[in-house]
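The values are calculated or read from the model by the stated rules, or taken from the named source; none is laboratory data. Predicted model, so just to flag it, every value in this text is computed and none were measured. Counting neighbours? That spans all protein chains shown, and the Cβs are built from the backbone with ideal geometry, glycine included. Surface accessibility is based on the protein's heavy atoms, side chains included, excluding ligands, DNA and RNA. Shrake-Rupley method; radii C 1.70, N 1.55, O 1.52, S 1.80 Å.
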Amino acid sequence: MRRLLFIFMFSMPLLLQGQAIFDIPLSERTTGYDIAAVLDPDSKTVTGEMTAWWVNRSAMPVDHAMLHLYLNAFSSNKSSFAASGRWSPAGDEGYGYVRISRLMDASGNDLTRSMHFVAPDDGNINDRTVLQIDLTAPINPGDTLKLNMLFESKLPSPIVRTGYNKDYFWVAQWFPKFGVYEPAGMRQRESDGWNCHQFHPNSEFYANHSVYNVSVTIPSDYIAGSGGLLLEEMDNGDGTKKIKWRAEDIVDFAWTAWPGYKVVTDKWRGVDITFLTSERGLKIADNQVNAVKYGLEYLDARVGPYPWPHLTFVDPPVEGSGAGGMEYTTIFTSAGSGLVPSFLRMAEMVTIHEFGHAYFMGILASNEFEEPWLDEGVNSYWEERIVDHYYGDGYGLIRLPFIKFSDADMARTSYIGSPSRQAATNNLPSWLYPHGTYGMMSYQKAATWLHTLEGLITTETMDNVFREFYRKWAFRHPSGKDFIETVNDVVRREHGEKFGKDMNWFFDQVLYGTEVCDYRVSGVSNRKITGYSGIVDGDSVTFTRSDRKSDTLYLAKVGIERMGGMKLPIEVLVSFDNGDEILEEWDGTARFTDFEYPGTRKVTRVTIDPDSKIDLDVNRINNSWTDDPEFPASGRMMTKYVFLMQMLISLFTI
Amino acid sequence: MDYFRILKRGAVAAATSYRLILVMWLTALMMVLLVALPLKSILKGVFDRSLATERMLDGFDAGLAGDMGQSFGYLIGAASFGGLLLILAGFLLFTFFAGGLFTRFTIAWGDLNVASFMKASARNFLPFLMLALLMTLIIFAWTALIIGVPVGIVAAVTEGSIMGSRLMLIPFIIWALGMPVWLLVTDHSRRWMAATGSGKIFRAMGAGFKALRRGFLRSYSTMVTLFIVNVLFFGAALWIATFSVPERGGLIFLFFLATQALFILRLFLKAWRYATVSELALIQA
């Protein structure tokens, strides 16, 4: 009887497959989850029963499973997450946890006693975010492990990625979830094994593309949204309602519930867009929805199609602001709660960034724990391109008459302005970045060198790199090396050996190195050649030019120096007083080079990297030289400063 | 009828004091330039012969801040600290000049040359300074009480959820309605000190409050008018200066002249307020 019950229970996923979103699965669907959960707004808990399955796609039997229990990061102040200082509870009520009260396999074996916590990253015995389950029998290649469990998730407060505040619930990273079992060869791995990292302050995601059948019971007056497609919503007649969602080929499932949500719907081609916001957020709903459409349009054209027919995004209210700026593929959160001034495109920027994760982490499911640059850096690069493309005529963040700021420059400024920019390479696991450099390195430095790569190989080739990356790796798990291999293939195909046999020299410096890039104009001279005298072949020679100006000869000389350790090919634009311009190319490897121009013309201007391709250059002020410096801008700024001071003095004196 | 006549007489008195206003302007300009010119030199030093300044032609490119490195921080620090010093020095300077202006509008109508103006300013300086400090403190307290406390409480209780709503306008309206009262008390007190030659600030404040009670509606409505004109002018002038982006040398010089003209007008409006309150006091007497 018990066995029959389990057979029925485990056949439920197959029954629900009848309501599939995609006729042909987009991914291998190594894992799947069927969850029936109930939200108790008073105890701030979500209790549920879950059937989870995992397919052994390796060539070896697997005798244990590993699961993420993310909410346990909030269970004490000794977890690796809380100990980092990133979070502390709002009183004793604020602690969160996830507890499994019953765990059984498909054969009805009780596995509850074979569960134990491990801490593969830092050995912290107080960290209970990774659960290992020793199985009664190994799972053979091609076989499926099915687990049934009862769990209780207590949400934490304040919200950091997940949690509650009063009646606002952002339910993310809330259920026991499989790690990724990596066969040898996958992501250059040498031997088979689980890849299941602890919950760290700086990264969140690495998971298989999965199928989710989720039903939640919530109070009737709550409005809910999730990363799934809404299948059914029914009133239970007891003051609660049950909502059923299904999601396919996404790496995580999150949902939210709040009585105050306002719902805005829209459509982009075949994608239904749902925007959940607050009363105040309604004011900028059009901006927010347009931002998502821009993201869809831009990435669809340059990377690959957005495959899901649905997308939900949320601008959390002030009380839920801790949930802002998070991504769960088909549901993500913006930020600002409608409070950010409209001239500052921060809300749109966050929306586009978090949407972009549907591609960079969602579709191209890299390992954010181990290679955060491949997730956050690549996504930031695209976010900056989108924001600067659609807003502010190239200055996407701020474009006012007196000040302008591009999104790409904001990232670059963060990188070049950091005193720790050389403290580590760009290829560390997220939890190992020293001195608070995680954000700067994985987001901003990576985005900046991606812009530089684009500058070197052209925008068209860069787009083709990502199209190829998408084609090869969509709904799989690419590594950084896989990305580099794609770059090498596409660049070789489009540019031959213009950049050498491959682009590894570039990645060795920007990704695996710590040097900075800085080229400067070290000096310009226009030496007048008034005469020539000396001994040539034993004869005394004297040659004198006339004094007429038109006949004056010059030896114009331009000196360029490489100040930093990074070596990149650069262009130098040299302008002359007669209007001539020469674009010089230099491989940038030596410490210096000189360009000489004998003749009747004088050099008036020199500009290194005139098209601003090398965003990595940490100082662009020394990239140029003019013989006639003008400072109208500084004059204007000082005039404004004088006037502002005068007015302030008159204001503060009654 | 009185309302317009008083405002008109105040305006005439201020306009005929143009020499004194020009002295105030010139002194203030020189003082501000003492800080601004070195800042400009630092900026020139940072950019030297670079073409990067072209990135500032149609508005400051904030991306330059990163390229400027530590220089940017130093520049902002110097501009901020210099600005703070200027505000403090300016407070002293304009308090000094207020003594001369009130003498001009109270006892030496039409008969105060620059030298006498300076003498009168010097004579009144200390009591005027004490009074200005006291009234500034009162106005700060008023601002904190009417705006700071309610906004703080509401923000804490609602966790910011009603910030920015129209409800939050109420404290600002109450604050604005109260401001003309404090300005009237201050100006009446100063006028009393200028008229009597007394340096007793608490007696002056007493006289200020007493003068406020006499013909309150007339005084208040006149001051509200002046307050609104001043606020609107202040906002408009800053708006014009902020959003003007002249790109070439000649235009920038014109821009400089225009901003100075605006500042002279601002000084005129202040003098108009002083003169009008002096006129009010004359009528009340």
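Here are some notes:
- Size of charge dipole - region A:176-320 - debye, nearest 20, with Cβ of Lys, Arg +1 and Asp, Glu -1, no other charges: 200 debye
- Square roots of five times the Cα gyration tensor eigenvalues for chain B, Å: 37, 27, 18
- Both the radius of gyration and Dmax for region A:345-431 are 14.2, 43 Å, in that order, over alpha-carbon atoms.
- Semi-axis lengths, Å, region A:196-285, gyration tensor of Cα atoms, sqrt of 5 times eigenvalues: 24, 19, 16
- Which of A:His495, A:His353 is most accessible, then next, and so on - probe 1.4 Å: A:His495, A:His353
- Region A:572-654: GluC sites (Glu not before Pro) in DSSP loop, at most 10 other beta carbons within 10 Å: none
- When you work out D = kT/(6 pi eta Rh) for region A:1-259 at 4 °C and 1.567 mPa s, using the Kirkwood radius from C-alpha pairs as Rh and the Stokes-Einstein form, the result is 69 µm²/s.
- Solvent-accessible surface (1.4 angstrom probe) belonging to A:Leu555, in square angstrom, nearest 10: 40 Å²
- Multiplying the residue separation of A:Ile125 and A:Thr240 by 0.36 nm and subtracting their alpha-carbon distance yields 37.4 nm.
- Helix axis angle, A:480-495 relative to chain A longest principal axis, alpha carbon, degrees: 40 degrees
- Remark: the Cα gyration tensor places region A:281-429 in the rounded category, a/c being less than 1.5.
- A:Met637 exposes around 60 Å² of accessible area when a 1.4 Å probe is run over every protein chain in place.
- With the convex hull of the Cα atoms taken as the outline of region B:156-285, the averaged projected area works out to 12.3 nm².
- Solvent-accessible surface ranking, highest first, for A:Asp300, A:Asp594, B:Asp48, A:Asp127 at 1.4 angstrom: B:Asp48, A:Asp594, A:Asp300, A:Asp127
- For region B:13-53, alpha-carbon Rg and Dmax in angstrom: 16.9, 51
- Take every Cα pair under 8 Å whose residues are at least 6 apart in sequence, average their separation, divide by the length of region A:62-122, and the relative contact order is 23 percent.
- Förster radius 45 Å - calculated FRET efficiency between B:Tyr220 and A:Thr459, Cβ distance, rounded to 0.05: 0.10
- Hydrodynamic radius by Kirkwood, which averages 1/r over all alpha carbon pairs of chain A, in angstrom: 27.7 Å
- Averaging 1/r over each pair of different alpha-carbon atoms in region A:406-510 and inverting the result gives 14.8 Å, the Kirkwood hydrodynamic radius.
- Restraint check, A:Lys154/A:Lys244; A:Lys78/A:Lys445; A:Lys640/B:Lys270; A:Lys154/A:Lys283, Cα-Cα greater than 25 Å: A:Lys78/A:Lys445; A:Lys154/A:Lys283
- With at most 13 other Cβ atoms within 10 Å, longest stretch of chain A clear of loop chymotrypsin sites (Phe, Trp or Tyr not before Pro) (DSSP): A:23-342
- Folded to 0 to 90 degrees: helix B:114-143 orientation relative to chain B principal axis, Cα: 80 degrees
- Ratio of Rg to Rh for region B:69-208: 1.13 [Cα atoms; Kirkwood radius as inverse mean 1/r over pairs].
- Exposed loop sites were defined as trypsin sites (Lys or Arg not before Pro) in DSSP loop states (anything but H, G, I, E or B) carrying at most 15 other C-beta atoms within 10 Å; in chain A the longest segment without such a site runs A:270-497.
- Take the Cβ atoms of B:Arg203 and B:Ala176, set R0 to 45 Å, and the FRET efficiency comes out at 0.95.
- Between helix A:459-473 and chain A: long-axis angle, C-alpha atoms, 0 to 90°, nearest 10: 20 degrees
- The helix-based estimate of mean residue ellipticity at 222 nm for chain A, built from -39,500 (n - 2.57) per DSSP H run of four or more residues and divided by its residue count, is -7000 deg cm²/dmol to the nearest 500.
- Spin-label pair B:Ala89/A:Asp143, simplified geometry with 7 Å Cα→Cβ offset, distance in nm: 8.6 nm
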